[in-house]
Amino acid sequence: EMNFRAHYYDKVGFRGINENRSLEILLSEKPIDLKKLSNFCRKFCLPTVHRLTVWKVLLGILPTFEVNISSFEKDEEDQYNDLRRALEFMRVVGNNTPQPDAIALMYLVGEGKLHLDIELQMCDEEVQHIRSIASVFSKICSREEEAYWLTRNFWQHLKKLAIDATAMGKQVEDTLEKEDHELFQQLLRVKAFPVLPMETWFHRCFAEVLDEDALVK
């Protein structure tokens, strides 16, 4: 029945209406089933109206239950404000500091990793990864606080994945050879694969590589 309804909605021009309803049901569960929610995200594009909420739940920014949700949000707001004020007090950030830089610096302070030579540290590879991810969330979110928490928790989640860039690069080549053999052969001829910064792309999840509209899907 579900497949028939989805097919019918697509035919009459209401593509995605069934998926939206399914997502609303998942978000109304108490507590929210993270496994079901993750599976939904793998199968469908998230509607804009629910996107930030789903990300926050999956990344542990919001609880999976409604009890004390306002308390969670207040604690996170206080933590964000404390980090921002600390950096302002040290005159590390100000009103003119680019938001991605400020978020990366707040992450470093929160993790107890901020060095004395901040300018040098901002050139560090890991910090540049964080900054790129923060740049994407800064464009998606309306508030810096939201962008900070999404960046922080997303990066911590990425670190747990232990990305094997070499294996993933090989998968890209194999897939490209199968799906677009002509392009694959052209890249081989110009010796592009060894110089493509694929490891950086993977560690940043293509932040600042692909357009934000593509990334959010």
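The values are calculated or read from the model by the stated rules, or taken from the named source; none is laboratory data. Here the structure is a predicted model, which is why all the values come from computation and not from measurement. All Cβ positions, even for glycine, are placed from backbone atoms using ideal geometry, and neighbour counts span all protein chains on display.
Observations on the model:
- Residue in the range 180-187 that is in contact with an Asp or Glu (Cβ under 7 Å, 6 or more places away or on another chain), over 13 Å from PRO100 (Cα atoms) and not assigned by TED's automatic domain parsing to the domain that holds HIS50 present: yes
- Selected residue [touching a Phe, Trp or Tyr at 6+ places or on another chain (Cβ under 9 Å) and of a type outside the set (A, V, I, L, M, F, W, C)] from GLU208, GLU111, GLU173: GLU173
- So ALA147, is it crowded, with 16+ Cβ neighbours inside 10 Å, modelled with pLDDT of 95 or more, outside any loop (DSSP other than H, G, I, E, B) and more than 19 Å from the chain's Cα centre (by Cα): no
- GLU145, sole failed condition from (1) farther than 16 Å from HIS203 by Cβ; (2) without any contact (Cβ under 8 Å) to a residue 60 or more places away in the chain; (3) of a type in the set (Asp, Glu): (2)
- Among the conditions (1) closer than 18 Å to LEU105 by Cα; (2) modelled with pLDDT under 95, the only one that PHE202 does not satisfy is (1).
- Any chance ALA165 is closer than 26 Å to VAL49 by Cβ, among the small types (Gly, Ala, Ser) and touching a helix residue (DSSP H, G or I) at 6+ places or on another chain (Cβ under 7 Å): no
- Scanning the range 88-127 for residues that are within 18 Å of HIS203 (Cα to Cα), crowded, with 17+ Cβ neighbours inside 10 Å and without any contact (Cβ under 8 Å) to a residue 24 or more places away in the chain yields LEU108, VAL127.
- Sole exception among (1) of a type in the set (Asp, Glu); (2) more than 19 Å from the chain's Cα centre (by Cα); (3) over 25 Å from ARG42 (Cβ atoms) for GLU173, by number: (3)
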